[in-house]
Amino acid sequence: MKRLLISTSLLAASACVANAAVFYGISAFAHNMVGDNPGGDPEMIGGPGVGFDAAEPHSKLGGGDNWYTNAPGGFPSDYISVHDGPEYIWFDFGGDVSLSEISYWGYANTNSNGMREFNLTFAADSEGGGAALGDEDYQTSVALNPSFTALQEDTLRQSFAFSEAVTARYVRVEAVSTYFEQPGAGAGGDRLGIGEIAFENSQIPEPGSLTLIGLAGAGLLLRRKRR
Ligand SMILES: [Ca+2]
Ligand SMILES: [Ca+2]
């Protein structure tokens with residue numbers, strides 16, 4: 001009886017982490033805009049347990065902990081047009097990793113500052129030599145340039161899958177539009193706002209599932225021993 005109780009409690013504990021996605025650590029981060037949020041740039045890359053819940057469905061944490069730019073054009077204006085040149089954000093994983101999606105959490109439901117359309121370009125470790133943040137060595141070995149449109153939603157994880165996995169050390173996100181003048185999106189758009197960005201590491205098998213299988217097997221063994 002005692003053994004059965006132990007195996008049952010282990011199963012309950014492992015069920016709590018079942019199917020939780022694993023995300024890559026971001027070793028460096030930069031952008032070509034002027035941030036204006038009190039928490040600074042880390043507000044975009046809080047990561048699991050800080051920027052978003054480490055457990056499924058990985059909803060955004062700290063509703064106000066968004067990243068946003070200044071408003072150089074004042075209200076009303078379109079930040080993307082007013083800010084000179086493209087709007088770039090760079091991520092460095094510290095070494096080549098396998099990427100198959102980008103996870104995005106929106107900025108706000110009640111104003112139109114949130115990033116709407118964006119595209120990605122990639123650079124491998126061999127291109128950057130450790131200094132690709134901000135340079136133009138993108139799309140040399142990785143041609144993929146996927147474009148996505150985010151929902152105006154401020155809580156749920158939006159995972160955008162790539163058509164194929166890419167091996168890259170650096171990702172450059174280009175924000176192409178906000179919700180400025182989108183019907184029903186609310187006022188704003190004079191800033192660019194992002195709740196959170198992360199990249200899932202799908203190379204690691206879902207730990208919860210494996211643990212459940214392992215523990216289920218252990219439970220069967222215990223049951224057999226008791227006979
Ligand atoms: Ca611009
Ligand atoms: Ca955040």
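Derivation of every value follows stated rules applied to the coordinates shown; laboratory data play no part. Keep in mind that what you see is a predicted model, and the values were worked out from it rather than measured. Neighbour counts run over all protein chains shown; Cβ positions are idealised from the backbone, glycine included.
Starting from 0.36 nm per residue, how many nanometres of slack lie between Ile204 and Asp78 once their C-alpha separation is accounted for? Please report the intermediate quantities before stating the final value.
Values: separation 126, 0.36 × 126 = 45.36 nm, distance 4.06 nm.
Extra length from Ile204 to Asp78 when fully extended: 41.3 nm.
For the range 23-39, 3J(HN,Hα) computed residue by residue from phi via the Karplus equation (6.51, -1.76, 1.60; θ = phi - 60°) reads 10, 5, x, 9, 8, 8, 8, 7, 7, 10, 10, 10, x, 9, 8, x, x Hz, glycine and proline entered as x.
Here the Karplus relation 6.51 cos²θ - 1.76 cosθ + 1.60, evaluated at θ = phi - 60°, turns the backbone of the range 139-153 into coupling constants of 6, 8, 9, 10, 7, 4, 9, x, 10, 9, 10, 7, 6, 7, 8 Hz, with x for every Gly and Pro. Between Ser126 and Ala28, the modelled label-to-label distance comes to 2.0 nm, taking each label 7 Å out from Cα in the direction of the beta carbon. Taken one residue at a time, the phi angles of the range 159-172 give Karplus couplings (6.51, -1.76, 1.60, θ = phi - 60°) of 9, 9, 7, 7, 5, 8, 6, 10, 9, 8, 9, 10, 10, 10 Hz. Gly and Pro are set to x. For the pair the range 139-176 and the range 75-107, the centres of their Cα atoms are 9 angstrom apart.
With the simple spin-label model, which puts each label point 7 Å out from Cα in the Cβ direction, the Asn119 to Ala161 separation comes to 2.2 nm. Note: the range 22-204, Cα convex hull, 106 Å³ per residue.
Between Asn201 and Val22, Phe23, Tyr24, the built amide H atoms are under 5 Å apart, and every one of these is 5 or more places off in sequence or on another chain. Near the amide H of Val142, within less than 5 Å, lie the amide hydrogens of Ala124, all on another chain or at least 5 residues away, with H placed in the peptide plane.
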